[in-house]
Amino acid sequence: MTDHLENPLAAARQALAELRTQLSEAQQGLERLNALLEQAEAQRAAQADQHVKFISTIVHELRKPMTSIRGYADMLAKPNMVGTLNPMQQNFVETIRNNIIRMDWLLSDLSDINKLSARRLRLERKMITFAALREEIEAAVSGLLAEYGHTLTVEIAPELPALNTDPKQLTKIVVLLLRNAIFYTPKGTGQLLLKAEATERPGELRISVRDNGIGMRPEDVARLGELFFRADHELVTNTKGYGLGIPVVKGLLALMESQLEVESAPEQGSTFSFRLQGI
């Protein structure tokens, strides 16, 4: 201690040497920590990859028998193929077909969630107009509209800007929103509206789906997008569903640099909308 007091330079050099030793040890510790983090990330990525492959395999394997079942059901429904069915038999065939279709929707949503969570879903962008998707969208929900006794009005403003986006995924977003509107509007009462219009921002369009269904409470709106979330309304709990549709919609919209906007109130219907930038 006396030497240090009598020779400040020697004390400073010693302190500097000790500091360098500590810095070296800290650097070695950081390198070890970084190596551990890289190892953990590699393990996480490997586990995620296994998870993605596992879900993809399940979806693929389930779709094979479902395709066969639906094919046979379609043949049974055609009188010229196997003969005329009596009303009870026809009802059985339609029940089989409807359940297979709903199972296919579930598998499609599950596959999309799987790809979105693993960041493996990529948009295949093309130059399109929203009007060009109208026929496919209406065809995708025509059966459900007839089953539930709802009507759908489509309003597409003229001279909307073209879009550079993935037509398949955009169609899926709108169809998922329309399905929700159909499911959660009491049968025989639905007046649904699909609308595409320009916004106040140059080159932007707004696509919306409005229904006159059961609506939602603010706390339910806040939870939209949570995996497997379903409101506790009687019509919701009595309708087959898994709470995957809106998470898929939100995930796809995020890829399109957009987001879901919701206006709803109990027993006053809901409006789901999103904005896309045209070109």
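Each value in this text was obtained by applying a stated rule to the coordinates, not by laboratory testing. Everything numeric here is computed off the predicted structure, so don't read it as measured data. FYI the Cβ positions are ideal-geometry reconstructions off the backbone, even for glycines, and counts take in every protein chain you see.
The table below gives the values:
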| quantity | calculated |
| --- | --- |
| The range 122-241, relative contact order [Cα under 8 Å, separation at least 6], % | 26 percent |
| Hypothetical label at Phe54: residues of the range 90-134 whose amide nitrogen lies under 14 Å (7 Å Cα-Cβ projection) | 114 |
| Backbone HN-Hα couplings from phi across the range 115-128 [Karplus 6.51/-1.76/1.60, Hz, Gly and Pro as x] | 5, 5, 5, 8, 6, 10, 8, 10, 6, 9, 6, 9, 7, 9 |
| Cβ-based exposure ranking for Leu205, Leu193, in which fewest neighbours within 10 Å come first | Leu193, Leu205 |
| Residues Met216, Met103 arranged by fewest to most Cβ contacts within 10 Å | Met103, Met216 |
| The range 58-136 versus the range 186-218: alpha-carbon centroid distance in Å | 25 Å |
| Estimated [θ] at 222 nm from DSSP helical runs (n ≥ 4, -39500 (n - 2.57)) normalised by residues in the chain, nearest 500 | -20000 deg cm²/dmol |
| Environment charge of Ile182, counting only residues whose C-beta is closer than 14 Å and scoring Lys/Arg +1, Asp/Glu -1 | +2 |
| Proportion of all alpha-carbon pairs of the range 162-279 beyond 21 Å (%) | 35 percent |
| Assigned charges on the beta-carbon of Lys, Arg, Asp, Glu; the range 126-277 dipole about Cα centre (debye) | 300 debye |
| Packing-based exposure ordering (other Cβ within 10 Å, fewest first) of Leu163, Leu33, Leu123, Leu253 | Leu33, Leu123, Leu253, Leu163 |
| Total lysine pairs under 16 Å (Cα atoms) in the chain, excluding pairs fewer than 8 apart on one chain | 10 |
| Identified option (computed log10 I(q)/I(0) by the Debye sum over Cα atoms at q = 0.10 Å⁻¹; candidates (1) -0.60; (2) -0.67; (3) -0.48) | (2) |
